[in-house]
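Everything on this sheet refers to the single structure shown next.
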Amino acid sequence: MAVALLSFGMGAMAQATYTDAEGNEYQFKKHAFLNLEGGAQYTLGEAKFMDLISPNVQLGIGYQFNPWFAARIQANGWQSMGGYNGINEVGNLAAINTTYKYKYVAPGLDFMFNLSNLLYGWNPNRVLNVTAFLGGGANVAWDNGEANAMAGPNQMRYIWDGTKVNPFGRGGLELSFRLSDAVRFVVEGNANILSDKYNSKKADQPDWYFNALAGFRINLGKTYTKKEKPAPEPEPVAEPIQEYVAPTPAPEPEVKKVDPIRRDVFFKINKYEVTETEQPKVDEIVAYLNQYPNAKVTVTGYADAGTGNDVINDRLAKQRAETVTKALIDKGITSDRITTDSKGARVQPFAENDLNRVSIMIAE
């Protein structure tokens, strides 16, 4: 699962920017974080469900390397419960279910995959993030006196005393809810697997315990930088076409040519919808074509070379040109007066990268 997520995520690594509805741009920033959680543990055993519930706490510190991948060192612990069917507290056989408890702490390392950012792109203002994690470590258990007191000659075959260290593996899901830029409320569930010798009983199968936790994730430092929407660049002015007078000795009436008109419709990153602020440019071209019935218009779409790849940029440039063409047709311009083209990111009409998210209309 980890390899599949890593492979899939390579294409999403560049998705570390986000533009909000006002045009402000956010840039992801690597950061550390702290987890403080508490809850309950259920240990798989031969007793009633509620009899095998015990308190549980977890402390973790981690690092967010990119929008979808993080790693954390965590320590989980308090106590685990065991259940035995058919033996009482003094080691005699009896038709009862007996429980016993012991202490433990389990430090380990988790690899965390933010599925929300991986599948839908990074958004620092998203309310809910879903994260899957895989990891492992060492479970250090002690204070197993209750199990030792009830052990018969053949009942608790894996009985231990003192301190017992077992490797464990685990996986789980974390739901985190945004409270502020610095704090998120988290709910976590994880499953932990150990050898058969953890709970003192021989069962010929691994031992399991499950934790349900709630708490807070505190970001240590800024998680993004924010760049305000830049002021719009002044529109380029088309050079006027000089008037031409035919060379003839006899005075001829002056022949005037209608100046062409150019309007540039700019788009947000990874978008191709015409915004309300850009719509007046389409209306100006429509007015020009209505004034000069013989005039035609060429619409050419572009994408910026600074983001994406040729496949994505070719698609975006084509969609931007088609969107502007549709906007002209919706205003009553017939399709035979429109030529639609796209250049992807192979041609960059502007020196500034962000201005190349554009469709250029030239009517003449």
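At-a-glance table
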{"item": "Count of residues meeting criterion [surrounded by 19 or more Cβ atoms within 10 Å (Cβ to Cβ) and among the charged types (D, E, K, R)] in the stretch 328-351", "result": "1"}
{"item": "Check on TYR84, at negative phi, open to solvent by less than 50 Å² (accessible area, probe 1.4 Å) and either touching an Asp or Glu at 6+ places or on another chain (Cβ under 8 Å) or not polar (S, T, N, Q) (or both)", "result": "yes"}
{"item": "Selection from the stretch 158-187 of residues that are in a strand (DSSP E or B) and under 24 Å from TYR224 (Cβ atoms)", "result": "GLU174, LEU175, SER176, PHE177, ARG178, VAL183, ARG184, PHE185, VAL186, VAL187"}
{"item": "Total residues in the stretch 276-327, condition closer than 23 Å to GLY23 by Cα, assigned to a helix (DSSP H, G or I) and either hydroxyl-bearing (Ser, Thr, Tyr) or open to solvent by 70 Å² or more (accessible area, probe 1.4 Å) (or both)", "result": "4"}
{"item": "Inter-residue pairs, beta-carbon under 9 Å, first outside any strand (DSSP E or B) and in the stretch 33-44, second open to solvent by 40 Å² or more (accessible area, probe 1.4 Å) and of a type in the set (Phe, Trp, Tyr), 6+ apart", "result": "LEU44/TRP208; LEU44/PHE210"}
{"item": "Any hit, the stretch 116-128, residues being modelled with pLDDT of 95 or more and closer than 30 Å to LYS201 by Cβ", "result": "no"}
{"item": "Complete set of residues in the stretch 169-186 that are touching an Asp or Glu at 6+ places or on another chain (Cβ under 8 Å) and either aromatic (Phe, Trp, Tyr) or more than 13 Å from PHE133 (Cα to Cα) (or both)", "result": "VAL186"}
{"item": "Residues that are part of a loop (DSSP other than H, G, I, E, B), in contact with a Lys or Arg (Cβ under 9 Å, 6 or more places away or on another chain) and of a type in the set (Gly, Ala, Ser), drawn from the stretch 188-214", "result": "SER200"}
{"item": "Residues (at pLDDT 85 or above, in contact with a helix residue (DSSP H, G or I) (Cβ under 8 Å, 6 or more places away or on another chain) and either among the small types (Gly, Ala, Ser) or farther than 15 Å from ASN166 by Cβ (or both)) located in the stretch 74-114", "result": "MET81, GLY82, THR99, TYR100, LYS101, PHE111, PHE113"}
{"item": "Unmet requirement for ASN211, which otherwise passes all of (1) surrounded by fewer than 16 Cβ atoms within 10 Å (Cβ to Cβ); (2) of a type outside the set (Val, Ile, Thr); (3) out of contact with any Leu (no Cβ under 8 Å at 6 or more places or on another chain)", "result": "(1)"}
{"item": "Any chance ILE261 is touching a Phe, Trp or Tyr at 6+ places or on another chain (Cβ under 8 Å), open to solvent by less than 40 Å² (accessible area, probe 1.4 Å) and not small (Gly, Ala, Ser)", "result": "yes"}
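The values are calculated or read from the model by the stated rules, or taken from the named source; none is laboratory data. Please read these numbers as outputs of a predicted model, since none were measured by experiment. All Cβ positions, glycine included, derive from the backbone under ideal geometry; neighbour counts span all protein chains shown. Calculation scope for accessible area: heavy atoms of the full protein, side chains included, ligands and nucleic acids excluded. Shrake-Rupley method; radii C 1.70, N 1.55, O 1.52, S 1.80 Å.
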